[in-house]
1. Scan segment B:32-58 residue by residue and report those that are surrounded by 18 or more Cβ atoms within 10 Å (Cβ to Cβ) and either within 10 Å of DNA strand C (Cβ to nearest atom) or at positive phi (or both).
2. For the condition modelled with pLDDT of 95 or more and not in a helix (DSSP H, G or I), what is the one hit in B:Val110, B:Val92, B:Val118, B:Val87?
3. Taking only pairs six or more apart or across chains, which ones have beta-carbon atoms under 6 Å, a first residue in segment A:71-82 that is under 14 Å from A:Leu38 (Cα atoms), and a second residue that is near DNA strand D (Cβ under 7 Å from one of its atoms) and assigned to a helix (DSSP H, G or I)?
4. Taking B:Arg30 as the residue in question, decide whether it is more than 19 Å from B:Arg117 (Cβ to Cβ), more than 10 Å from chain A (Cβ to nearest Cβ) and under 18 Å from the mean Cα position of the chain (by Cα).
5. Which numbered condition in (1) within 13 Å of DNA strand D (Cβ to nearest atom); (2) farther than 15 Å from A:Asp115 by Cα is the only one that A:Ser39 fails?
6. Which of the residues that make up segment B:95-107 are surrounded by fewer than 11 Cβ atoms within 10 Å (Cβ to Cβ) and either touching a residue at least 12 places away in the same chain (Cβ under 8 Å) or within 8 Å of DNA strand C (Cβ to nearest atom) (or both)?
7. Report, by residue number, each residue of segment B:108-144 that is touching a residue at least 60 places away in the same chain (Cβ under 8 Å) and either within 16 Å of DNA strand C (Cβ to nearest atom) or not hydrophobic (A, V, I, L, M, F, W, C) (or both).
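The values are calculated or read from the model by the stated rules, or taken from the named source; none is laboratory data. The model shown is predicted, which means the values in this text are computed figures rather than measured ones. So basically every Cβ, Gly included, is an ideal-geometry build from the backbone, and we count neighbours across all protein chains shown.
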2 protein chains.
Amino acid sequence: MGTLPLSPREARAWDGYRRMQGLLASQLNRQLMADTGLSDADYAILSALLAAPGHRLRGLALRCEVQWEKSRLSHHLGRMQTRGLVVREECVEDSRGAVFQLTDAGREAVEAATDDRVAAVRTYLVDLLTPAQLDALASISDAVLARLAKDDAHLRAVAELARGA
Amino acid sequence: MGTLPLSPREARAWDGYRRMQGLLASQLNRQLMADTGLSDADYAILSALLAAPGHRLRGLALRCEVQWEKSRLSHHLGRMQTRGLVVREECVEDSRGAVFQLTDAGREAVEAATDDRVAAVRTYLVDLLTPAQLDALASISDAVLARLAKDDAHLRAVAELARGA
DNA sequence: CGCAACTGGATGATGCGTCAACCAATGGCT
DNA sequence: AGCCATTGGTTGACGCATCATCCAGTTGCG
């Protein structure tokens, strides 16, 4: 593929994004961690569970929520379990499956963390942007996510073909 | 701080950004890694060195370029050194300092990786966006980065005060 | 000069993320 | 029923990121 270099406009956008991404992520993570003892990853899991009916979710469903690799999820849930944030239970309808449930401590931890997280998101992102910028960010994300999803679909199609061959 | 929850518009922007960020970063990293054996982090270091006069940079300067914590930089440079991508030399004007220089292998590796990186950035971000969206992304980044810098300045000021007290 | 504070950088411990391999349960197909 | 491909999930190894600590060289100040 003959790849032309980025134009100044493109380079500015990419460069800005790259720097913002790194610093913003580390700032949000650091702050949440310092204030609540929960990492970004913890928070993602916990809030997915909190939103689920009965504060419990099948491993697979959880994986769809947070979009992690299965081994990452497994490792992390293991650690969270030893920290008492979550418990693992057997799955009734598929005995190789697992169901994870929020403990009371886990529920308290997320609830305590939520304000902090929202406040930080406001401070470092949302409150800084105009409505037009908010919408632009949403539409940019949509475009990128659609492209990434297409790739996923492509991968699945290739797997399909391999199966057929 | 009485933190009101995010409005639907704000939530959409934040949620989109969050998802895009995670998947985009992992896709870019994965692809670069698979195609060139270089991680995102490697590439950041190597391209900073490549751009520097003489392909060499003081540790401190490198840290400013990539905005990493010093221990991260030190560890990573150590590993890159054992991989033969980089060499560490003594620093003349400050003998506690260190200077890092790209090896030939390192130079070849970055140069080989550059096309791949640019192509991926096009595929998954830049080429998907309209000029208006590119500009919006740049201005959003500027706003966020300015806010983060302000915090940094604040931290420095606090340190200053502590020094004075 | 001499001492204290600071700075550039290295190091070790620890938790995290990814990959590859694995295992058991399942479901489809004949 | 019996087999085989698939799937949900775990495990171990390994490289990476962060924190706290440390060290040597440097700078500023009396």
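1. Hits for segment B:32-58 are B:His55, B:Leu57.
2. Unique residue meeting the criteria: B:Val87.
3. none
4. No; evaluated as a whole, the condition is false for this residue.
5. (2)
6. Listed by number, the list holds a single entry, B:Arg96.
7. Answer for segment B:108-144, where residues must be touching a residue at least 60 places away in the same chain (Cβ under 8 Å) and either within 16 Å of DNA strand C (Cβ to nearest atom) or not hydrophobic (A, V, I, L, M, F, W, C) (or both): B:Glu111, B:Thr114, B:Asp116, B:Arg117, B:Ala120, B:Tyr124.
Condition check ((1) within 13 Å of the chain's Cα centre (by Cα); (2) more than 11 Å from DNA strand D (Cβ to nearest atom)) across all residues:
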{"position": "A:His55", "(1), (2)": "no, yes"}
{"position": "A:Trp68", "(1), (2)": "yes, no"}
{"position": "A:Ser74", "(1), (2)": "no, no"}
{"position": "A:Gly84", "(1), (2)": "no, yes"}
{"position": "A:Glu93", "(1), (2)": "no, no"}
{"position": "A:Arg96", "(1), (2)": "no, no"}
